[in-house]
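Where a number appears in this text, it was derived from the coordinates with a stated rule and is not lab data. None of the values given here were measured: they were computed from a predicted structure. No Cβ is skipped: glycine too gets one built from the backbone with ideal geometry, and neighbour counts run over all protein chains shown.
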Amino acid sequence: MSGRQLEITKKIREYQSLVAPANLIAVTKYSPVEDVYFAYEAMQFDFGENRVLDLKEKAQWFVDHNLKNVRWHFIGHLQSNKVKELLKIPHLVSIHSIDSIKLLEEIYHRSHYFEGEELKLFLQVNTSKEDEKSGFENVDELKTAIDYILKQKNAKIKLAGLMTMATIRTAEVEKEANRCFSELRNIKENLEHHFHLKDLQLSMGMSNDFKIALKHHTNFVRIGSSIFQSHT
Ligand SMILES: *Cc1c(COP(=O)(O)O)cnc(C)c1O
């Protein structure tokens, strides 16, 4: 094993156990595919990417090398004109960044391009209220979106839950993360009650604030830089 592989193996094991029982999504947006492969060899199978083209290239590399257990999560802002290309990507399992009804309509309109078993959708909620963050702004908008998904009765493309990012530009990272994550949890409970749903999942927590997300019982954390940009 190279030094780099050892380093990544160690980080993956460390973070998998730190976040358990939540699921670790290793975010590979700054990483070359070799690093992703080292993580895969360390039994990390869930990966997140935020650009369609980068995801397409990495997913194709895994196909070319006959590596099948990988599960790709799209986590970035998704433009309507990239939906078709995204849906065609092999081993895509979820989109965490559904931020408008328009995008939902485009996904269901193009759903025949999806060839996997199941695609899980997370609705992104703008809890931080920072201008550049996308996402649904309130519970009414989310209700409209969920209504729309449930009416599709699509056997493959389904509602999974809610995603958020905490405020970044703040001196009070911890306090803001607590505020954003508890708000997402309240919204989840509100929506579960309204739609008689039992198990909406939460996707929240990144390198800086995943410990706080775990306190709020997140199901998925998305961690990139602390795993792949470590210099230990
Ligand atoms: C980059 C990114 C992450 C991971 O962030 P780190 O701080 O590198 O852990 C998580 N979620 C989203 C949506 C991202 O774009």
Report task. Check every one of the helices (runs of 4 or more DSSP H) wholly within the range 67-178 and list those with 2 or more residues that are closer than 30 Å to residue 35 by Cα. Result -> 83-87
Query - residue 2, sole failed condition from (1) more than 30 Å from residue 137 (Cα to Cα); (2) in contact (Cβ under 8 Å) with a residue 12 or more places away in the chain; (3) away from the ligand (no atom under 16 Å from the Cβ) - result: (2)
Query - Qualifying positions in the range 131-154 - among the small types (Gly, Ala, Ser) and away from the ligand (no atom under 16 Å from the Cβ) - result: 145
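Test of understanding: among 100, 111, 80, 31, which residue is touching a residue at least 60 places away in the same chain (Cβ under 8 Å) and either under 27 Å from residue 151 (Cβ atoms) or within 16 Å of the ligand (Cβ to nearest atom) (or both)?
Details: 100 fails: touching a residue at least 60 places away in the same chain (Cβ under 8 Å); 111 fails: touching a residue at least 60 places away in the same chain (Cβ under 8 Å); 80 fails: touching a residue at least 60 places away in the same chain (Cβ under 8 Å).
Result of the check over 100, 111, 80, 31: 31.
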Report summary line: When restricted to 40, 15, the only residue within 16 Å of the ligand (Cβ to nearest atom) and either over 19 Å from the mean Cα position of the chain (by Cα) or part of a helix (DSSP H, G or I) (or both) is 15
Query raised in the report: Considering only residues of the range 44-61 that are under 13 Å from residue 26 (Cα atoms) and part of a loop (DSSP other than H, G, I, E, B), which is nearest to the ligand (Cβ to nearest atom)?
Result: 50
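Can you tell which of 143, 151, 158 is within 16 Å of the chain's Cα centre (by Cα) and of a type in the set (D, E, K, R)?
The unique qualifying residue is 158.
Taking the range 220-232 on its own, how many of its residues are away from the ligand (no atom under 14 Å from the Cβ) and touching a residue at least 24 places away in the same chain (Cβ under 8 Å)?
Residues in the range 220-232 being away from the ligand (no atom under 14 Å from the Cβ) and touching a residue at least 24 places away in the same chain (Cβ under 8 Å): 1 in total.
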Query raised in the report: Given the conditions (1) of a type in the set (A, V, I, L, M, F, W, C); (2) surrounded by fewer than 18 Cβ atoms within 10 Å (Cβ to Cβ); (3) within 12 Å of the ligand (Cβ to nearest atom), which single one is not true for residue 74?
Result: (2)
Report summary line: Here the residues within the range 186-215 that are more than 16 Å from the ligand (Cβ to nearest atom) and crowded, with 19+ Cβ neighbours inside 10 Å are 187, 188, 191, 200
Query raised in the report: Does the range 155-162 include one or more residues that are of a type in the set (Lys, Arg) and either more than 16 Å from the ligand (Cβ to nearest atom) or crowded, with 18+ Cβ neighbours inside 10 Å (or both)?
Result: yes
